[in-house]
Amino acid sequence: MRVAIVGQQDFGKAVLEAFLARGDQVAGVFCAPEKPGAKADVLRTFAQEKQIKVFQFPSLKSDEAKAALKGLDVEIGIMAFVLQFAPQEFVNIPKHGTIQYHPSLLPKYRGPSSINWPIIRGETRTGLSIFWPDRGLDTGPILLQREVEILDTDTLGSLYFDRLYPQGVTALLEGVDLVRAGTAPKIPQDETQATYEGWCKQEDVQIDWQKPLQEIWNLIRGADPQPGAWTLHEGTTVLLHDAKKIVGSTTGRPGEVLAVDDAGMTIAASGGQIQVTRVRPEGGQRVSAAAFAKSVGLRPGVRLGAS
């Protein structure tokens, strides 16, 4: 089919590669303009290498954006990791409309941080949706969905890159196949099951060491790598990464550092311990927990979380 791809970054590039690899004609690519000083968008650079038309409009609401899409005369639009709002007047331009990828089982977890929140909330299942965008935020009818398991060892990063990312690319290909065959459904979302979650921000992921071990564990892994669950050491923010949950009795008070060694830093919690391999101090880069502890003189007995 003759398609247009709207997206950005690695996921957008992977979608473009997949459609090119199987012989679809990609007439144009839309991606947001890079911010001053930011790295080049790999979707943009790859599309240009393949001599595909690239459009970078500050807003997809503009008459220029709509005219550009109309001029491509495509059969379907494909939205892959789109942070810009696309109005109905834009998505309706292709002959068969536009389909969009969203990494949750809609109508649950609408919104921009739909991978973080299920992990943080302790969910054991999530998935992805290919849907027909409408005027709402992630509210359009469903074309297809795929369910995936959330393992207790999963982080935001592993869940996305190991399953939701590759399966999302495949699902978009399958969705276009259904459109081509004239069998693509439009299943209304059940609004009684709908939830919306905003961005998972730093203020949402401060660790409360008084909480049960599993809740702390869910918070750390649901925010790893971004925005990074954090605690305080002598009034300074420290983000915790590459952690491991250890279930069992503990001798320390919640938040107390029990051990610092080459394996990392072990912290007491209610029902066990959290062992952290790497940390990111405020304003710094990720370093090993052992190196950080040595640099700030952090020793067993210190209690984290107190301002």
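The values are calculated or read from the model by the stated rules, or taken from the named source; none is laboratory data. The model shown is predicted, which means the values in this text are computed figures rather than measured ones. FYI the Cβ positions are ideal-geometry reconstructions off the backbone, even for glycines, and counts take in every protein chain you see. Heads up: the accessible areas ignore ligands, DNA and RNA and are worked out on the full protein's heavy atoms, side chains in. Shrake-Rupley method; radii C 1.70, N 1.55, O 1.52, S 1.80 Å.
Filtering the range 185-200 down to residues that are without any contact (Cβ under 8 Å) to a residue 60 or more places away in the chain and surrounded by 11 or more Cβ atoms within 10 Å (Cβ to Cβ), which residue is nearest to Gln275 (Cα to Cα)?
Here the answer is Ile187.
Name the single residue that is least open to solvent (accessible area, probe 1.4 Å) among those in the range 150-162 being acidic (Asp, Glu) and farther than 20 Å from Leu172 by Cα.
Ranking the qualifying residues of the range 150-162, first place goes to Asp154.
Could you run through the range 187-213 and say how many residues are within 23 Å of the chain's Cα centre (by Cα), more than 29 Å from Gly228 (Cβ to Cβ) and assigned to a loop (DSSP other than H, G, I, E, B)?
1
Of these, Val238, Val276, Val260, which one is over 29 Å from the mean Cα position of the chain (by Cα) and either part of a strand (DSSP E or B) or among the hydrophobic types (A, V, I, L, M, F, W, C) (or both)?
Of the residues listed, the single one that is over 29 Å from the mean Cα position of the chain (by Cα) and either part of a strand (DSSP E or B) or among the hydrophobic types (A, V, I, L, M, F, W, C) (or both) is Val260.
If you take the residues of the range 214-235 that are among the aliphatic types (A, V, I, L, M) and outside any helix (DSSP H, G or I), which of them is most open to solvent (accessible area, probe 1.4 Å)?
Leu232
What are the residues in the range 46-87 that are open to solvent by 40 Å² or more (accessible area, probe 1.4 Å), assigned to a helix (DSSP H, G or I) and closer than 30 Å to Ser104 by Cβ, if any?
If the condition is that a residue be open to solvent by 40 Å² or more (accessible area, probe 1.4 Å), assigned to a helix (DSSP H, G or I) and closer than 30 Å to Ser104 by Cβ, then Lys66 is the only one that fits.
Within the range 171-184, how many residues are over 26 Å from Arg121 (Cα atoms), touching a residue at least 12 places away in the same chain (Cβ under 8 Å) and part of a helix (DSSP H, G or I)?
Qualifying residue count for the region: 8.
Inside the range 1-18, can you point out the residues that are farther than 17 Å from Pro33 by Cβ and either open to solvent by 10 Å² or more (accessible area, probe 1.4 Å) or in contact with a His (Cβ under 9 Å, 6 or more places away or on another chain) (or both)?
The answer is Met1, Arg2, Asp10, Ala14, Glu17, Ala18.
List pairs: first residue in the range 102-124 and among the aromatic types (Phe, Trp, Tyr), second residue at pLDDT below 95 and buried (at least 19 other Cβ atoms within 10 Å of the Cβ) anywhere in the structure, Cβ distance under 9 angstrom, at least six positions apart or on different chains.
Close Cβ pairs satisfying both conditions: Tyr109/Glu197; Trp117/Glu197.
Can you tell which of Thr266, Thr277 is open to solvent by less than 30 Å² (accessible area, probe 1.4 Å) and not aliphatic (A, V, I, L, M)?
Thr266
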